[in-house]
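Only the coordinates and a few stated rules stand behind these numbers; no lab work does. All values derive from a computational prediction rather than experimental measurement. Glycine also receives a Cβ, built like all others from the backbone with ideal geometry; neighbour counts cover every protein chain displayed.
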Amino acid sequence: MSSVSFEELLREAMVDLSEMQEQDGQCVGRKVGQNKRDDHAYFLHHWSAMYLRYMQISKKLERVHDQILQPQKRYDVRVLLDSCIGRMLEMKFKIVQYCGEYVNLNEALVDLKLTPEALEIPIPSYFIEDRSSEITERRRYIQTLINHYRTTEADAPVTVALASAETATAGVMSANDFPMSVEQAVLVLQTNERGRQGRQRAKFHRTIYEQEMHQHREFEYGTSTGKDQAATRIQKIVLGYLARKRAKKILQEEMEFLGMEASSQVRSSNQQSRLTKTLAERKTKQFSNLAELQQEAKEMRSKIKVQEGGKKMETMLDEILTRMANIRLESADDTLPVLPSEEEGGSLAFLGRLPKSADDDEARKKAEEEAAAAAAAGAKKAPPKKDAKGGGKKGEEEVEALPTLAPSLFWDRFSGARERYANVWHQTFQKTYFEDRDLDQHLDKELLHQEILDGAGGVEHELRRCVDQLVMVEVNNLRERMEREKGGKKKKGKGKNKKPKKIKVKDPTDGTKLETFFNSAVYLNILQPSNESVRLSDYIGAHDMMGNVMLEHQKLQAEQVDQIKVKWQAVLDKWDDYAEQSLRMKKEQFELLFKNYCDQSSWMFEPSAAQVRQAVTEYCILPLGSQVIHDSAPHHTACLLYGFPKTGKTMLTHAICNETGANLFNLSPATFNPGGGAQKMIQMVFRIARSLAPSIIYIDQVEKIFGGKGKKKKKGDPVAARAAKMKKDIVQRHHFFFFCGKGKKKKKGDPVAARAAKMKKDIVNGIKELEPTLGVMVIANSSAPWDADLKELCNNFKAMVCCVHPDYASRMELWQTLIQRKGAALPTYHDYEVLAYMTNKYTSGVIAQVIEETLTERRVKRLSQRPLRADEFLPALSRASPIFREDYASMKEFVMKLPLTARRVTEDDFKEAEAVDPKAKGKPAAKPGGKKK
């Protein structure tokens, strides 16, 4: 794409943004919270469409920012991009608040005529590009420390962890792991020898078979086949080959003409390679223009200070002193005016030229809204009509007290960016590109001079600070001289000279340097390098396009369950042999069938893989990648990734680190073992993470830390209880198979669980102390979240993402992608369908392991000799473990207990909200048709 294309894309984004801001402004002031069902419908249909529109605008701005050449315009586009993403996150948090997590946007996609790929949230490339040198240097330093500890200290925790990881990855098995006896070794040798002899025997029989066939041909055709027969055979083979080739070519041309297959020009990668080369060249020019801008700004700043600094300072000083002199002459008691402090605005506030900030505008808007509400309340002095129960006035007061939708914090940024684009960049591009023929789009020196002089943090602002300090010195000297002339003495106020007592806070570090703990974190395998090859796109999965259809089906089924339950219960009450013969099932099977039918009304609690990627991007990647988004947009400081084993939780954590350039601190109970200084080390990890922001503190097996204390202990085994009662009689008869091993030592508790219990207090305190602007996020993983205390999980982790096993569409995409990455392919599309159907309730990690075990390096090399078949995956698949029914039921029960903002909204949520009558002060409303007492 050329610069004109990106300029047109930017113009489209500005037009769309103007329309969206106008549409978005109409929602301000709407009352929410009165009816849960109405709020759900409003946010689901209206705000979801606006959320998608903002997402599409963000994609356009991200493409423009990634390839635009003009450095000053690129900075303005970045401000607009961050603001658009921030508003998108604001809308998403509102949608989650009133519609629950994992909202299906199928209807919004159809209304906007978009494809499912439009739901992929853009991740700006500048998250990594702007900090590439810093990230590379830090990773190099960490790797250097790791290599140093591996070569010098073999007992270091990081050395032991890396050695065990390499052994597990390479699949190396030592003799101690699998001891082999002499008989087993002899059996292996005998098997190999029998195999060698069988191969030799087969080779010998093949030679005999070829000799017999040669003799048979000689007997049939004679001693010599002749030239004519040889030519006939060659012609037959060649003509058949040419005919098949011609037919294949005709078929290909026909398919290309009908548009059912891509032509050779489309299949060619020449255009793609040219596009990649062009984009790389634009990146090079982009970095060159940025370096030129930085150098020119540095030189121009010093030049302005030298040439114009003295004159401007003199003008500012004369203006301030003249203003002070006039105020002093106008005052009756000849008092000196007070110059505001730097925080209050300094001389600009004194002169009345302080620019209005966004906070002032928000305060003014809020005051206007309050005044309008007060005027409306004053106009309605007449008491409202009361109903028979006298609750009309109270109902209106409750409606007035409901919260309203507030304006966005990013609207001022939108307005300023649109105004700057219209005044500066709209005409500048045509002049520089078409008239001046500046294809590289170098910097605009006039605009740069104006920004350095008058912009925020410019030379004029710096000079004014110096002038304010000089004026303060002059005013203080004049005040002291006036006091000496009057003979006045300074009155000592009580406690004026007393210094406030400093509260001594216990330093957990004991004055230790940060570098020392940095090295200790690497030594203890706490600060780890992330897997650089992992990206968020590696979490493979398709979009769920049948979500709304399935929800409507479940809703209809839930309404019919009560009616069907009466009929089924009648059949169960009259159950007899005739019913059993007619239905061809027993009564227990019939009850189980009905129970499974009722459970289907609430089975859809899992998100799709695309929704998982979307949630991880919104909760973790976007806030950590940009400081502007992190400071302004709503986000959480802790996130829980839960799901079955091998569903991609750890991979998502590494993807977050790589997409944002964050540091990875591992505080998992299984790997964290610093010895006696665990408390001090945990506190230091949070301190190092804050100093090296953005950072991620990773906690695996978090259920061991937040173990549920309120759970009842399981009752003992009844068989073991009966055996204990029988022990006395059995001892007398010398039957000792009921003994429980009284002389054996009791097994000690799990060291990981004990370590996790000690870590809990410090980790909870560390999470509470994290502020939204620190750039640190705690990401916890759990494969069995039902073992943890639900209340503590919800209090510490406001964001929860369910990493699910793939559905049918995701399994299809997973099999095709992973097999293709190995350089192989199955013969037909039906083979992928069979494998996707067979791997239901298998996690993505298990499927990847099956493919890795089947497509070995040797098998990939032999693909040309023996094509791949679907049944080759069956041996590895038979050894893999699916998700068991008990774990699936536990996960479903855990998810349905989560708050509304961490799961899907079900029909029961609306029923619970409507079951409470607001006029009855929280008492349950009477059922329709009930008898009155």
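Arranged by the count of other C-beta atoms within 10 angstrom, fewest first, what order do Arg282, Arg687, Arg821 take? Present the calculation step by step, with values, prior to reporting the outcome.
Working: Arg282 19, Arg687 15, Arg821 11.
Ranked by crowding around the Cβ, least crowded first: Arg821, Arg687, Arg282.
Each residue of segment 74-91 in turn: what ³J(HN,Hα) in whole Hz from Karplus with 6.51, -1.76, 1.60 and θ = phi - 60°, glycine and Pro shown as x?
Coupling constants for segment 74-91: 4, 5, 5, 5, 5, 4, 5, 5, 4, 5, 5, 5, x, 5, 4, 5, 4, 5 Hz.
Roughly how many nanometres apart are two label points built 7 Å out from the Cα toward the Cβ at Ala163 and Ser263?
If labels sit at Ala163 and Ser263, their model points lie 6.3 nm apart.
Arg869 to Glu210: extension gain in nm, 0.36 nm per residue of separation minus the Cα-Cα distance? Please report the intermediate quantities before stating the final value.
Working: separation 659, 0.36 × 659 = 237.24 nm, distance 3.01 nm.
This chain segment gains 234.2 nm when fully extended.
What FRET efficiency would be calculated for the residue pair Val186, Tyr888, taking the C-beta separation as r and a Förster radius of 41 Å, to the nearest 0.05? It would help to have the intermediate numbers written out before the result.
Working: r = 46 Å, r/R0 = 1.13.
With a Förster radius of 41 Å, E is 0.30.
Please find the FRET efficiency linking Arg30 to Arg246, where r is the Cβ-Cβ separation and R0 is fixed at 56 Å, and quote it to the nearest 0.05. Can you show the working numbers first?
Values: r = 70 Å, r/R0 = 1.24.
After rounding to 0.05, the efficiency reads 0.20.
Would you please give the residues with an amide H less than 5 Å from that of Ala638, counting only those at least 5 places away or on a separate chain, with H modeled from the backbone geometry?
Under 5 Å from the amide H of Ala638: Val778, Lys798, Ala799.
Among Ser83, Ser181, what is the fewest-to-most ranking by other Cβ atoms within 10 Å? Let's see the in-between values first.
Numbers: Ser83 26, Ser181 8.
If I rank by nearby Cβ atoms, fewest first, I get Ser181, Ser83.
Kindly rank 227-236, 306-315 from highest to lowest mean number of other beta carbons found within 10 Å of each residue.
Working: 227-236: 10.1, 306-315: 12.5.
In decreasing order of mean packing, 227-236, 306-315 become 306-315, 227-236.
With respect to the cross-link table entries Lys73/Lys305; Lys73/Lys798; Lys227/Lys248; Lys59/Lys94; Lys841/Lys897, which display a Cα-Cα separation exceeding 27 Å?
On the way: Lys73/Lys305 25 Å; Lys73/Lys798 38 Å; Lys227/Lys248 32 Å; Lys59/Lys94 21 Å; Lys841/Lys897 22 Å.
Table pairs above 27 Å Cα-Cα are Lys73/Lys798; Lys227/Lys248.
Set the Förster radius R0 to 60 Å, insert the Cβ-Cβ distance between Ser132 and Lys236 as r into 1/(1 + (r/R0)^6), and round the FRET efficiency to 0.05.
Working: r = 64 Å, r/R0 = 1.07.
About 0.40, to the nearest 0.05.
Taking θ = phi - 60°, what integer Hz values does the Karplus form 6.51 cos²θ - 1.76 cosθ + 1.60 yield along segment 889-905, in sequence order, with x for Gly and Pro?
5, 5, 5, 5, 5, 5, 5, 5, 8, 5, x, 4, 6, 10, 8, 6, 7
Mind listing the phi-derived Karplus ³J(HN,Hα) values for segment 575-582, rounded to whole Hz, using 6.51, -1.76 and 1.60 with θ = phi - 60°, and x for any glycine or proline?
5, 8, 5, 5, 5, 5, 6, 5
Order by neighbour count: Asp454, Asp412, fewest other Cβ atoms within 10 Å first, most last.
Working: Asp454 11, Asp412 15.
Ascending number of Cβ neighbours within 10 Å: Asp454, Asp412.
Tell me which residues come under 5 Å, amide H to amide H, from Asn666 once H is placed; ignore anything under 5 positions away on its chain.
Leu527, Gln528, Tyr698
According to the Kirkwood expression over distinct Cα-Cα pairs, how big is the hydrodynamic radius of segment 1-63, in Å? It would help to have the intermediate numbers written out before the result.
Numbers: mean 1/r = 0.0744 Å⁻¹.
About 13.4 Å, per the Kirkwood formula over Cα pairs.
Taking amide H positions as placed in the peptide plane 1.01 Å from N, state which residues far from Cys803 in sequence (5 or more) or on other chains have amide H under 5 Å from it.
So Cys803 has HN proximity to Tyr642, Gly643.
Just want to confirm a number: the relative contact order over segment 1-149, from Cα pairs under 8 angstrom separated by 6+ residues, in percent. Let's see the in-between values first.
Numbers: 88 pairs, mean separation 44.0, N = 149.
30 percent.
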